[in-house]
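J.: Take this structure, written in structure tokens, and hold onto it; I'll ask about it next.
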Amino acid sequence: FVPDLGLDQVVIYRLDADRLSLSTHGLGATPPGGGPRHFKFHPDGRFAYVLNELALSVTVFAYDSSRGQLARVQTIPTLTESQKAGEEFNAASEIRVHPSGKFLYAANRGHDSISVFSIHPDTGKLDLIEVEPIRGSWPRNFNVDPSGRWLIAAGRDSNTLSLFSIDQQTGTLQYQR
């Protein structure tokens, strides 16, 4: 599964381990001009999430593992138009699914924030819960620890790390330091 920013697709490849070769198997189309950047599976494997760097949005796909196909379910913005208008430049940078499969997190460069979404367990669709500032500049990357209790965001331009606790019931972030 390879997000291709120029094609606005996630290209699916099939691996032939005996021949050590890849062949195109299918694709998942993202919105035109969205610029797919990162791709993550839900822990149960039924859904996949693509962060669209240029559009600052997340596209949700239902995944059929037996056929190797992605079907687009939803595309939802990580920031409102008014939030984006407050910055000279915005771009999405990273996406993570909480180990519980209940929440999804997306980083917004320029706005310098993490968008928090709840994940519907039956459809995989997202609902925006909050947009939390990282207290640093240009969140290039972030991660959720394996226990799902902590999120650490790296501010590239501020040379900072910000630590957040994750509320296990709501997915919201609480800044620690």
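Bear in mind that the values in this text are calculations on the coordinates, not laboratory data. In this text, all values refer to a predicted model and were calculated from it rather than measured experimentally. Quick reminder, even Gly has a Cβ in these numbers, built from the backbone with ideal geometry, and neighbours come from all protein chains shown.
J.: Rounded to the nearest 20 Debye, what is the dipole magnitude of the stretch 87-177 about its Cα centre when Lys and Arg each give +1 and Asp and Glu each give -1 at the C-beta?
T.: Dipole size: approximately 260 debye.
J.: Ile134's amide H: which non-local residues (gap 5+, or another chain) put their own amide H closer than 5 Å, with H modeled 1.01 Å from N in plane and none for Pro or chain starts?
T.: Result for Ile134 returns Ser113, Ile114.
J.: Let me ask something else. Using a 7 Å offset from the Cα along the Cα-to-Cβ direction at both Asp4 and Ala17, what is the distance between the two label points in nm, to one decimal?
T.: It works out to 2.6 nm between the two label points.
J.: Please state the shape class of the stretch 91-146: rounded when a/c is under 1.5, otherwise prolate if a/b exceeds b/c and oblate if not, all from the C-alpha gyration tensor. Could the numbers behind the result be given before it?
T.: Working: a/c = 2.46, a/b = 1.78, b/c = 1.39.
In terms of gyration-tensor shape, prolate.
J.: Give a residue-ordered list of calculated ³J(HN,Hα) values for the stretch 31-38 (Karplus: 6.51 cos²θ - 1.76 cosθ + 1.60, θ = phi - 60°; whole Hz; x for Gly, Pro).
T.: x, x, x, x, x, x, 10, 10
J.: Got a sec to turn the phi values of the stretch 141-158 into Karplus ³J(HN,Hα) couplings, 6.51 cos²θ - 1.76 cosθ + 1.60 with θ = phi - 60°, whole Hz, x for Gly and Pro?
T.: Going residue by residue, I get 8, 7, 8, 10, 5, x, 6, x, 8, 9, 10, 10, 10, 9, x, 4, 7, 8 Hz, with x marking Gly and Pro.
J.: Within the stretch 76-177, report the GluC sites (Glu not before Pro) that DSSP leaves as loop and that have at most 16 other Cβ atoms within 10 Å. Walk me through the numbers before you get to the answer.
T.: Details: sites: Glu81, Glu87, Glu88, Glu94, Glu130; in loops: Glu87, Glu88.
Answer by residue number: Glu87, Glu88.
J.: Can you list residues whose amide H is under 5 Å from Phe103's amide H, if they're 5+ apart or on another chain and H is modeled 1.01 Å from N?
T.: Amide H neighbours of Phe103: His98, Ile119.
J.: Of all the C-alpha pairs in the chain, what % are more than 20 Å from each other?
T.: Considering the chain, 52 percent of its Cα-Cα pairs are separated by more than 20 Å.
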